[in-house]
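Undergrad: Next up is a structure, given as structure tokens.
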Amino acid sequence: MSTNKFFFWFWIIYLPTCILFYDRMWKTIDEAMTVVLFLFTITKVYGKKFDPIGKEILWYIGLMIFYVAYSIVLKLNVQEAVFYDLQQQIRPYVVFFCSYLLAPQFTEKQKKRLIRWFIICDIAYVVGFFIGFRISRYGIRTPMIGQATLLTASMYLLFKENTRKNVIKGIAILSIGLLSMKSKFFGEFVVFVALFYFLKSRLKPNLKTIVSVIALISAIVYFTWEKFNTYYVEGLTEEVKTSQKKARPESFKTARTIIFNDYIPFGSGLASFGTNAAAKYYSPLYYKYNLSNIWGLYPENPMFLADAFYPTLAQYGMVGLFFFLWFWIRRYRQAIFHKDFRAYKVAMMMIFALFLESMADTSYLSGKGMGYFMLLAMAIRSIPPKKVEEVTVTDNVNAIENADAVEVKEEKSKE
């Protein structure tokens, strides 16, 4: 099967099963799809050279092997928990690296069919809710419709010409997600409009950019202030009784203590904090830091223990935090070096969406986050249309694949 055909059907299955109708699906379908993507990628790239991203992949494999060994030696949780957590921790990076290596370039027919199918699924979700089908246990007020429409609108604008008419259509598609009434989505909606409608050139480090970014951040905080204040202002500063403490801000405060005070420099290890594994195999750290008597973090009902992504970085400590930032700095550089302005915008949107979602959700590690990583890789590896800018495919891919294109060209010239 060709890469394009595989990815076309992968997306067709992914959106309804791993996001929109996930609550009514086989609960490990996202994990099964990750395995399928990995195996297909192996068949396509086995025996081929794929530098420089290959070096980054090897670094990541080595890092995770170290953390598995470190976690087993540290013994903060049982080995079963460590390996249970491992499969969830590696998922986003497996999905990104596989999508990056495969670099699908859809035909115009495939693009039209994908967008049409995505819109049908989004509308079917909304219609199904209003006619009484129990699609989600939370009804329409769920992040799923927002996440699905964000992927739909972003992919639509990646595939379409950068015209005002197409941007308005993309915003109209995204507007369906407003039904979710989620603060995070309001923030993403503001950024989407700013990126695709108002941004006319790439961001540069000057006074105009600084003022624009401050205005944008202010708008995001305005629309999300209630929860932002509850969790990250009052929640992180006020001294309250244990019975009144909230799980999410306490998780952030404790993660900070783990990273910078108690488990320097490698963190507390896998399955120890903020993850599903730490909830299923209840981590002793929740007793150590007096979190076990906070509502939502109880051993018998840890429903909010894995409620945000950033606290999970406590498992990796300062060293892991460095590599986490290194990974995202490389993605940012690949986005800003891209020759296609549309791809630049989509990549930046996916990076921001993952950043915002991670503050109050674990989409980063779940099937819901797979779409963001796949679309990010597709945007970075997309080939600019020649009518926009005359470049060869080889030159463009080389520039995109390397976060520091200048150094690669210098190395090639020396050879």
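Undergrad: Open to solvent by less than 40 Å² (accessible area, probe 1.4 Å), of a type in the set (Phe, Trp, Tyr) and farther than 20 Å from LYS184 by Cβ, is that true of TYR281?
TA: Values: open to solvent by less than 40 Å² (accessible area, probe 1.4 Å): no; of a type in the set (Phe, Trp, Tyr): yes; farther than 20 Å from LYS184 by Cβ: yes.
Taking the combined requirement at face value, the residue does not satisfy it.
Undergrad: Any residue at all in segment 184-198 that is of a type in the set (Val, Ile, Thr), over 30 Å from LYS109 (Cβ atoms) and in contact (Cβ under 8 Å) with a residue 24 or more places away in the chain? Show your work before the answer.
TA: Keep residues of segment 184-198 that are of a type in the set (Val, Ile, Thr), which gives 190-191, 193.
Subsequent filtering for residues that are over 30 Å from LYS109 (Cβ atoms) retains 190-191.
Narrowing the set further to residues that are in contact (Cβ under 8 Å) with a residue 24 or more places away in the chain leaves 190-191.
The answer is yes, given that some residue of segment 184-198 is of a type in the set (Val, Ile, Thr), over 30 Å from LYS109 (Cβ atoms) and in contact (Cβ under 8 Å) with a residue 24 or more places away in the chain.
Undergrad: Still on this model: Are there any pairs with C-beta distances below 8 angstrom linking a residue in segment 201-217 that is without any contact (Cβ under 8 Å) to a residue 60 or more places away in the chain and within 23 Å of ARG342 (Cβ to Cβ) to a residue that is outside any helix (DSSP H, G or I) and not small (Gly, Ala, Ser), with the two at least 6 apart or on different chains, and if so which?
TA: As it stands, the answer is THR209/LEU203; SER212/LEU203; VAL213/LEU203, since those pairs meet every condition given.
Undergrad: Condition first: modelled with pLDDT under 95, among the basic types (Lys, Arg) and out of contact with any strand residue (DSSP E or B) (no Cβ under 8 Å at 6 or more places or on another chain). Can you find one or more residues in segment 138-160 that meet it?
TA: Yes, segment 138-160 contains a residue that is modelled with pLDDT under 95, among the basic types (Lys, Arg) and out of contact with any strand residue (DSSP E or B) (no Cβ under 8 Å at 6 or more places or on another chain).
Undergrad: Just the residues that are closer than 25 Å to PHE185 by Cα, open to solvent by less than 10 Å² (accessible area, probe 1.4 Å) and small (Gly, Ala, Ser), please, taken from segment 311-361.
TA: ALA335, ALA343, ALA347, ALA353, SER358 - these are the residues of segment 311-361 that are closer than 25 Å to PHE185 by Cα, open to solvent by less than 10 Å² (accessible area, probe 1.4 Å) and small (Gly, Ala, Ser).
Undergrad: Name the single residue that is nearest to ALA360 (Cα to Cα) among those in segment 260-278 being surrounded by fewer than 24 Cβ atoms within 10 Å (Cβ to Cβ) and either more than 20 Å from the chain's Cα centre (by Cα) or of a type in the set (D, E, K, R) (or both). Walk me through it before giving the result.
TA: First pass over segment 260-278, keeping only residues surrounded by fewer than 24 Cβ atoms within 10 Å (Cβ to Cβ): 260-266, 276.
Going one step further and asking which of them are either more than 20 Å from the chain's Cα centre (by Cα) or of a type in the set (D, E, K, R) (or both), we end up with 260-266.
Details: PHE260: 22, ASN261: 24, ASP262: 24, TYR263: 24, ILE264: 25, PRO265: 25, PHE266: 24 Å.
Among residues in segment 260-278 that are surrounded by fewer than 24 Cβ atoms within 10 Å (Cβ to Cβ) and either more than 20 Å from the chain's Cα centre (by Cα) or of a type in the set (D, E, K, R) (or both), the one nearest to ALA360 (Cα to Cα) is PHE260.
Undergrad: Residues in segment 126-143: is at least one part of a helix (DSSP H, G or I), buried (at least 18 other Cβ atoms within 10 Å of the Cβ) and under 22 Å from the mean Cα position of the chain (by Cα)?
TA: yes
Undergrad: Let me spell it out: the conditions are (1) part of a helix (DSSP H, G or I); (2) surrounded by 13 or more Cβ atoms within 10 Å (Cβ to Cβ), and GLN105 meets all of them except one. Which number is the exception?
TA: (1)
The values are calculated or read from the model by the stated rules, or taken from the named source; none is laboratory data. None of the values given here were measured: they were computed from a predicted structure. Note that we place each Cβ from the backbone using ideal geometry, even for glycine, and neighbour counts take in every protein chain shown. Accessible surface is based on the protein model in full, side chains and every heavy atom, while ligands, DNA and RNA are left aside. Shrake-Rupley method; radii C 1.70, N 1.55, O 1.52, S 1.80 Å.
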